[in-house]
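Remarks on the structure that follows.
None of the figures in this text is laboratory data; all of them are computed from the coordinates on show. In this text the structure is predicted, and so the values were computed from the model without any measurement. Reconstructed Cβ throughout: ideal geometry from the backbone, glycine too, with neighbour counts over all protein chains shown.
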DNA sequence: GTCTATAGTGAGATAGAC
DNA sequence: GTCTATCTCACTATAGAC
């Protein structure tokens, strides 16, 4: 709460500190959720990563669920920013491929996945969060448009329901193949990304 | 331990009961792990599902980790049985497709997935289990043969490393697309399986 | 071997001083 | 707002009667 005797700049500075700390908490949460499961990540982990006491976390976020939801909402916002930044003249198929490539690049550096894996406890938390669902709908609508356009151009298989295409793209963002190949140590990150993009769009069968 | 005064049939019956109970425990574990994350599944869940006291579980399996590992090893054995049962004259590509279809059918009925999803705590447990790793190697070798054969026949893209093909097939066994589509309620289980098999082998792009 | 009851532990969340 | 210390509760695992 702003004190009347405090100069505006001072308050603004404090507010910036507050926001910066909150940003750091969200960053750490994203990274940790990229490394381990929701249940396995503890509030102590987050507090230690940020370098503050656990109790302080609760001054910013009222629960673990709220913290992780906020982190995912932020990720969704970043996706939106990325999508909006794609050149308008880029063909829809290339936009879709760019999105998958971008998601995989986040995934392979252990940043928080765009979507939780199957059976993740986080999934139930997110599905109960209105902000997350709204953001997801917005992003899905945008991607859905491009899918329909790419199908109209005959570049995406028009016999596949757009929803199936959409989910198949989303699923790349938590694709375990990336982890397998990375653990194998045989390929560079860039190679892994390209291989997964290829199998996603071209399939396994020979063309 | 067998008592000397007990007739063999009686003992055999008791042993069968013991094995049947153990089988029931493994079954319940598989089903529960298909429904929720490893961390979220409690030993109480298993005990309640089987209808025995939690303490009795520990007479059969010394820990949660051992129980779940045993369940996964059993799944792997079932995969081996399925693979061995495929007709020898079936073309390798069809064998691979049959395997994916079979995995998806297990997945869609919420049976335990062949592989844990990304970031699952179960993953660390399994990677420390020798029986599981041995079983996985055996199955992988068999599938790997078929992949190489299918590539030699020009039916699987020969420019894809066999390991990438293998992991891509494995990943179908925990594919979140199945969950998404099933929750959507728009498609039957059989339709979902076929759609995912198609996108796996043929990709999203038009042919 | 099965049960009830409980010990032990770890993590989410809070109290209260500063 | 941040901290230390603590509460509370759920879950793994075990003790001990039958």
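Details
- Taking the conditions (1) over 12 Å from residue A:204 (Cα atoms); (2) in contact with a helix residue (DSSP H, G or I) (Cβ under 6 Å, 6 or more places away or on another chain) in turn, residue B:203 satisfies each one other than (1).
- Residues in the range A:154-173 that are surrounded by fewer than 23 Cβ atoms within 10 Å (Cβ to Cβ) and not in a helix (DSSP H, G or I): A:154, A:155, A:157, A:158, A:159, A:160, A:161.
- Complete set of residues in the range A:176-206 that are part of a loop (DSSP other than H, G, I, E, B) and either more than 7 Å from chain B (Cβ to nearest Cβ) or surrounded by 22 or more Cβ atoms within 10 Å (Cβ to Cβ) (or both): A:185, A:186, A:187, A:188, A:203, A:204
- Subset of the range A:41-57 (residues that are farther than 23 Å from residue A:116 by Cβ, in contact with a helix residue (DSSP H, G or I) (Cβ under 8 Å, 6 or more places away or on another chain) and near DNA strand C (Cβ under 8 Å from one of its atoms)): A:53, A:54
- Every pair of residues 6+ apart whose Cβ atoms lie under 6 Å, when the first sits in the range B:164-175 and is within 7 Å of chain A (Cβ to nearest Cβ) while the second is outside any helix (DSSP H, G or I): B:165/A:204; B:174/A:118; B:174/B:113; B:174/B:115; B:174/B:117
- The residue that is nearest to DNA strand D (Cβ to nearest atom), counting only those in the range B:66-97 that are within 14 Å of another protein chain (Cβ to nearest Cβ) and surrounded by fewer than 19 Cβ atoms within 10 Å (Cβ to Cβ), is B:94.
- When residues of the range A:31-59 are limited to those that are at the interface with chain B (Cβ under 10 Å from one of its Cβ atoms) and assigned to a helix (DSSP H, G or I), the one farthest from DNA strand D (Cβ to nearest atom): A:34
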